[in-house]
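Trainee: Please find one structure pasted underneath; my questions will follow.
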Amino acid sequence: MESTKRPQPCPMLLFMLLFLFLNSRMLHAENQELELLLSFKSSLNDPSKYLSSWNTSATFCNWLGITCTNSSRISGIELSGKNISGKISSLIFHFPYIQTIDLSSNQLSGKLPDDIFFSSSLRFLNLSNNNFTGPIPSGSIPLLETLDLSNNMLSGKIPQEIGSFFSLKFLDLGGNALVGKIPPSITKLTSLKVFTLASNQLVGQIPHELGQMRSLKLIYLGYNNLSGEIPTEIGQLISLNHLDLVYNNLIGQIPSSLGNLTDLRYLYLYQNKFTGPIPKSIFGLTKLISLDLSDNFLSGEIPELIIQLKSLEILHLFSNHFTGKIPVALSSLPRLQVLQLWSNNLSGEIPKDLGKHNNLTVLDLSTNSLSGRIPEGLCSSGNLFKLILFSNSLEGEIPKSLSACKSMRRIRLQDNSLSGELSSEFTKLPLVYFLDISANKLLGRIDSRKWEMPSLQMLSLARNSFFGGLPDSFGSDNLENLDLSHNQFSGAIPNKFGSLSELMQLNLSKNKLSGEIPDELSSFEKLVSLDLSQNKLSGQIPASFAEMPVLGQLDLSYNELSGEVPANLGKEESLVQVNISHNHFHGSLPSTGAFLAINASAVAGNDLCDCDKTSGLPPCRRVKSPLWWFYVACSLGALVLLALVASGFVFIRGKRNSEHKRVLENEDGTWELLLFNSKVSRSIAIEDIIMSLKEENLISRGKEGASYKGKSITNDMQFILKKTNDVNSVPPSEVAELGKLQHPNIVKLFGLCRSNKGAYVVHEYIDGKQLSEVLRSLSWQRRQQIAIGIAKALRFLHCYCSPRALAGYLSPGKIIVDGKYEPHLIVSLPGSLSINNSTKSFISSAYAAPETRETKDISEKSDMYGFGLVLIELLTGKGPADAEFGVHESIVKWARYCYSDCHLDMWIDPTIRRNASINENEMVETMNLALQCTATEPTARPCANEVSKTLESVLKTSSCVLGLEFSSPF
């Protein structure tokens, strides 16, 4: 029987089939991931071309920001700080093997996709420092270890499902606009080490169950509206090294259980409503580096137990109700750098060894009831740069050791009982820019010593007993404020005072100065206030005083001046307050603006008369001499001549006015153009306006109206047309005042154009871009230049204009940066700042101050708030969004939180982060200034003059201390 052979399977063939099958699946998977990546790229804007390598010419595992597993499956997408924008695609969360997604520090916007928590393989998700809005989606990833959604504009409540992220070790939802209570489910995250919900709008109490999260090392819950007491259970978190509950409404006493946190290094409880004494257990936290309990209602004494805090570097207990003496133990803390105890009820002497064994850089004990002498060793570290001791009862001489403290920058010792003479070296401190020793009992001559203080900007020696002559110089070309009043200075005012080109305020009143007023004083081009009252000055008022461009206040009262008042004095509109009373002036008052409505008391005690009869002085009388009749005859003849030329005069004047105001009728109705500059009126016609209002000339279109670029047919002069939302919102009389403004950092206002279709503002054209367009590409040095320029513009508006002008509101969109990186501020029109029911106007701006949103009133303080927000944006690259629920507040809260609790690298704009190590001091101090400008209470915000001086000083020389919080407003 013939046997039948069955075919045997070929092992090689099976292997090849299996290989082809697996390879085809792998290729299919790779193609899927490639398509997902390309789709993700297509949804983004990439102005810096970081994603240029994302193309099919190379495998995606070699693309920038992409990491792969050994089997060429995508495991990570890391594109932090790449300046990409657009809405995020949900596809990015669908990679099956993805473990890391980092898109932080970009400009991504829109809502977070609902399937953001789709991938079960994800371990690390960072979408922080973007512009995401809307709620946090529900869902969970049990294996996710890091979730960072901070510093966006997310809203709504924290989802209850947050408790299902069982593996989380790092959770940061800070810097958003989240509301509601902290969900109790969050306490199920027992592996969590870093827990941040700061800078939101959370309410309610801190959950007691927080004590179950035993792995916690850092808690940031500051800048919310949390209430109630601190749960004692927090004392069970023995691994905690950073606790931050600042800027809330927490009440009660600080629980003694915090003393169990033996690993704690940073304890921040400031700006709450805590009462009672500091628990003694706190002084057992021997690892504490920074302790800030300021701005509460704490009371009792600061115990000597503080000697146990050997690692302490920063101690802030200011603005409380502490009593008793400053503990001597503070002198024994070797690492102590910053000590701020101001605004308490402390008494007794400053510990005599304070500073000898410390590393002091900042010392502020002002506004207490301290007595005794200033200790000799305060500057033993050689690093002290801020010494603030004003408003106490200190006595004795200023220690000679302070004269050798070359690190000193800011000294405020006023309102004490200090006595003696200034040492010769005290007037040679090279870095001091602010020196106030007024209201003491100091004496001696100041002209017999050499002044070498090249950084000095503000000097006040007022209300002391200094005598002798005035020095020719104070060794500084930067002096802006000089107050030597209420002393016994004698002799003449030095002619060389005229070389103080930066001087804005000079007060020499209530001394014994004699001689004539030097003509050289009129060379002060920036002087705003001059007070020479209550001296023994003689001679006449220099006629050149009439030419001082920004002089606003002039007080020459109670001297021995004589002669006639210069006829042109007061011709400059800036001069609004004059006092020449109790001298020996005669003749008539000038008919200039400053004297037209002057108070009688400001000209009393002279032999003056008033032709206008508005000052209460007797009218000026003329004696009818024979020549008088000759004048009458001439006058009658002149009347005949006047009649002949009257019509010609009217014609000429009408023609002149027509150069400023023009009217045109066409098919669109009546067009009326009002220009404030004769040169511009010769260039721009109504026809130019109409021709410019075409779509091809459109520059931008926003909530506030469209902007067009126009050009004169006559001479190619370029200008900008900005449409206003309300024709009747712009009063021409008020706008005309703005048309007079001349400052290199302010965009010139040319005029107004009205028609039946709307109103248009005509602005100077600046060849540049809005700050909002170029900010992310600017270096730190360019940002400095812009900040100083805008500060100068505000100082001009607030301090040099009469009446004072307002910017209206500040935002990067209102600042034009030219080719030389000089900023130009567009000043808002007065009437355009009113609110109406049909348009979303100024009050809803994210850059509006809190009080402005409520009262609808703008002020100099609201200008400063807007400037503070611009400073924050220059520093962080992040600005408030145009959203409905207090996003502008969240950016301020976030900035305060970052400034006090985070390292610079965590909040500085990634574009300038590479320079942070070099410019850290400048950046930190600029943020400090920004936070002062954005204080919630308007009266706490600095004025434009102070901001400008501070900013220029900060950016000239950086601080000696890196990354420290300077909370004192003084």
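The values are calculated or read from the model by the stated rules, or taken from the named source; none is laboratory data. In this text the structure is predicted, and so the values were computed from the model without any measurement. Cβ atoms come from the backbone with ideal geometry, glycine included; neighbour counts cover every protein chain shown.
Trainee: Just for segment 118-135: of the residues that are closer than 22 Å to GLN32 by Cβ and modelled with pLDDT of 90 or more, which one is nearest to the chain's Cα centre (by Cα)? Write out each step before concluding.
Mentor: To start, the set of residues in segment 118-135 that are closer than 22 Å to GLN32 by Cβ comprises 118-123, 125.
Checking which are modelled with pLDDT of 90 or more leaves us with 121-123, 125.
Details: SER121: 44, LEU122: 40, ARG123: 39, LEU125: 33 Å.
Once the filter is applied, the top-ranked residue is LEU125.
Trainee: Take ILE186 and decide whether it is farther than 24 Å from LEU34 by Cβ, assigned to a helix (DSSP H, G or I), at pLDDT 90 or above and not hydroxyl-bearing (Ser, Thr, Tyr).
Mentor: Answer is yes for this residue.
Trainee: If you don't mind, another one. Starting from segment 109-120, take each residue that is closer than 9 Å to ILE88 by Cβ and list its partners that are outside any strand (DSSP E or B), counting only C-beta distances under 6 angstrom and pairs at least six apart or across chains.
Mentor: Matching pairs, first to second residue: LEU112/PRO137; PRO113/SER90; ILE116/PHE93; ILE116/PRO137.
Trainee: With respect to the numbered conditions (1) crowded, with 19+ Cβ neighbours inside 10 Å; (2) more than 22 Å from ASN945 (Cβ to Cβ), which one is the sole condition not fulfilled by PHE497?
Mentor: (2)
Trainee: A further question follows. Inspect all residues belonging to segment 190-208 and state whether any of them is modelled with pLDDT of 95 or more, more than 21 Å from SER150 (Cα to Cα) and assigned to a helix (DSSP H, G or I).
Mentor: no
Trainee: On the given criteria, is LEU108 at pLDDT below 95 and surrounded by fewer than 19 Cβ atoms within 10 Å (Cβ to Cβ)?
Mentor: Values: at pLDDT below 95: yes; surrounded by fewer than 19 Cβ atoms within 10 Å (Cβ to Cβ): no.
No; evaluated as a whole, the condition is false for this residue.
Trainee: Would you pick out the residues in segment 256-282 that are more than 34 Å from the chain's Cα centre (by Cα) and farther than 18 Å from PHE318 by Cα?
Mentor: SER256, SER257, LEU258, GLY259, ASN260, LEU261, THR262, ASP263, LYS280, SER281
Trainee: Restrict the check to segment 216-228 and report whether at least one residue is under 24 Å from ARG123 (Cα atoms), buried (at least 17 other Cβ atoms within 10 Å of the Cβ), more than 34 Å from the chain's Cα centre (by Cα) and in contact (Cβ under 8 Å) with a residue 24 or more places away in the chain.
Mentor: yes
Trainee: Turning to a different aspect of this structure: Consider ARG409 carefully, then state whether it is in contact with a helix residue (DSSP H, G or I) (Cβ under 7 Å, 6 or more places away or on another chain) and either at pLDDT below 90 or crowded, with 20+ Cβ neighbours inside 10 Å (or both). I'd like the intermediate steps shown before the answer.
Mentor: Values: in contact with a helix residue (DSSP H, G or I) (Cβ under 7 Å, 6 or more places away or on another chain): no; either at pLDDT below 90 or crowded, with 20+ Cβ neighbours inside 10 Å (or both): yes.
The answer is no for ARG409.
Trainee: If ILE314 satisfies all but one of (1) at positive phi; (2) at pLDDT below 95, what's the number of the condition it fails?
Mentor: Evaluating ILE314 over (1) at positive phi; (2) at pLDDT below 95 leaves (1) as the failure.
Trainee: Oh, and also: Can you find, within segment 906-949, the residue that is surrounded by the most Cβ atoms within 10 Å (Cβ to Cβ) among those that are at pLDDT below 80, part of a helix (DSSP H, G or I) and hydroxyl-bearing (Ser, Thr, Tyr)?
Mentor: Once the filter is applied, the top-ranked residue is THR911.
Trainee: Within the group SER155, SER150, SER138, SER164, which residue is at negative phi, over 38 Å from the mean Cα position of the chain (by Cα) and in the same structural domain as GLN99 (by TED's automatic domain parsing)?
Mentor: SER164
Trainee: I've got another one for you. Taking segment 365-392 on its own, how many of its residues are within 19 Å of SER299 (Cα to Cα) and part of a strand (DSSP E or B)?
Mentor: Adding up the residues that qualify gives 2.
Trainee: Listed residues GLY705, GLY710; which is modelled with pLDDT of 80 or more, among the small types (Gly, Ala, Ser) and surrounded by 16 or more Cβ atoms within 10 Å (Cβ to Cβ)?
Mentor: Result of the check over GLY705, GLY710: GLY710.
Trainee: A further question follows. Based on this model, can you work out whether GLN253 counts as outside the structural domain of GLU209 (by TED's automatic domain parsing) and either under 31 Å from the mean Cα position of the chain (by Cα) or on the phi > 0 side of the Ramachandran plot (or both)? I'd like the intermediate steps shown before the answer.
Mentor: Numbers: outside the structural domain of GLU209 (by TED's automatic domain parsing): yes; either under 31 Å from the mean Cα position of the chain (by Cα) or on the phi > 0 side of the Ramachandran plot (or both): no.
When the stated conditions are applied, GLN253 does not pass them.
Trainee: Looking only at segment 98-116, which residues are more than 14 Å from MET153 (Cβ to Cβ) and part of a strand (DSSP E or B)?
Mentor: THR100, ILE101, ASP102
Per-residue answers, yes or no, for (1) in a loop (DSSP other than H, G, I, E, B); (2) more than 43 Å from the chain's Cα centre (by Cα); (3) on the phi > 0 side of the Ramachandran plot:
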{"position": "SER57", "(1), (2), (3)": "yes, yes, no"}
{"position": "CYS61", "(1), (2), (3)": "no, yes, no"}
{"position": "LEU64", "(1), (2), (3)": "yes, no, no"}
{"position": "ASN70", "(1), (2), (3)": "yes, yes, no"}
{"position": "SER75", "(1), (2), (3)": "no, no, no"}
{"position": "PRO96", "(1), (2), (3)": "yes, yes, no"}
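Trainee: Further question: Among what's in segment 419-429 and is under 35 Å from the mean Cα position of the chain (by Cα) and under 19 Å from PHE467 (Cβ atoms), pick the residue that is surrounded by the fewest Cβ atoms within 10 Å (Cβ to Cβ).
Mentor: THR427
Trainee: Could you count how many residues in segment 467-526 are aliphatic (A, V, I, L, M) and within 34 Å of the chain's Cα centre (by Cα)? Lay out the reasoning, then the answer.
Mentor: At the first step, the residues of segment 467-526 found to be aliphatic (A, V, I, L, M) are 470, 479, 482, 484, 492-493, 500, 503-504, 506, 508, 513, 517, 521.
Restricting the remaining residues to those that are within 34 Å of the chain's Cα centre (by Cα) gives 479, 482, 484, 500, 503-504, 506, 508, 521.
The number of residues fulfilling the criteria is 9.
Trainee: Being closer than 29 Å to ASP415 by Cα, touching a strand residue (DSSP E or B) at 6+ places or on another chain (Cβ under 7 Å) and part of a loop (DSSP other than H, G, I, E, B) narrows it down to one residue among LEU479, LEU530; which is it?
Mentor: Going through LEU479, LEU530 in turn, just one is closer than 29 Å to ASP415 by Cα, touching a strand residue (DSSP E or B) at 6+ places or on another chain (Cβ under 7 Å) and part of a loop (DSSP other than H, G, I, E, B): LEU479.
Trainee: Can you work out which of the residues in segment 574-592 that are part of a loop (DSSP other than H, G, I, E, B) and touching a Cys at 6+ places or on another chain (Cβ under 9 Å) is nearest to CYS801 (Cα to Cα)? Steps first, answer last, please.
Mentor: Pass one, segment 574-592, residues part of a loop (DSSP other than H, G, I, E, B): 574-576, 580-583, 589-592.
Now drop any that are not touching a Cys at 6+ places or on another chain (Cβ under 9 Å), which leaves 574, 589, 591.
On the way: SER574: 6, LEU589: 24, SER591: 21 Å.
Checking each candidate, the answer is SER574.
Trainee: Of the residues LEU143, LEU168, LEU122, which is surrounded by fewer than 18 Cβ atoms within 10 Å (Cβ to Cβ), aliphatic (A, V, I, L, M) and either assigned to a loop (DSSP other than H, G, I, E, B) or touching a helix residue (DSSP H, G or I) at 6+ places or on another chain (Cβ under 6 Å) (or both)?
Mentor: Just a single option satisfies the conditions, and that option is LEU143.
Trainee: Go through ASN345, ASN368, ASN320 for me and flag whichever is surrounded by fewer than 22 Cβ atoms within 10 Å (Cβ to Cβ) and under 30 Å from ILE251 (Cα atoms).
Mentor: ASN345
Trainee: Considering only residues that are modelled with pLDDT of 80 or more and among the aliphatic types (A, V, I, L, M), look in segment 859-890 and name the one that is nearest to VAL924 (Cα to Cα).
Mentor: Among residues in segment 859-890 that are modelled with pLDDT of 80 or more and among the aliphatic types (A, V, I, L, M), the one nearest to VAL924 (Cα to Cα) is LEU875.
Trainee: Checking ALA543 against (1) touching a residue at least 40 places away in the same chain (Cβ under 8 Å); (2) out of contact with any helix residue (DSSP H, G or I) (no Cβ under 6 Å at 6 or more places or on another chain); (3) assigned by TED's automatic domain parsing to the domain that holds GLU572, only one condition comes out false. Which one?
Mentor: Checking ALA543 against (1) touching a residue at least 40 places away in the same chain (Cβ under 8 Å); (2) out of contact with any helix residue (DSSP H, G or I) (no Cβ under 6 Å at 6 or more places or on another chain); (3) assigned by TED's automatic domain parsing to the domain that holds GLU572, the one that fails is (1).
Trainee: Check whether at least one residue in segment 331-338 is crowded, with 23+ Cβ neighbours inside 10 Å, in a strand (DSSP E or B) and not basic (Lys, Arg), and report yes or no.
Mentor: Yes: one or more hits.
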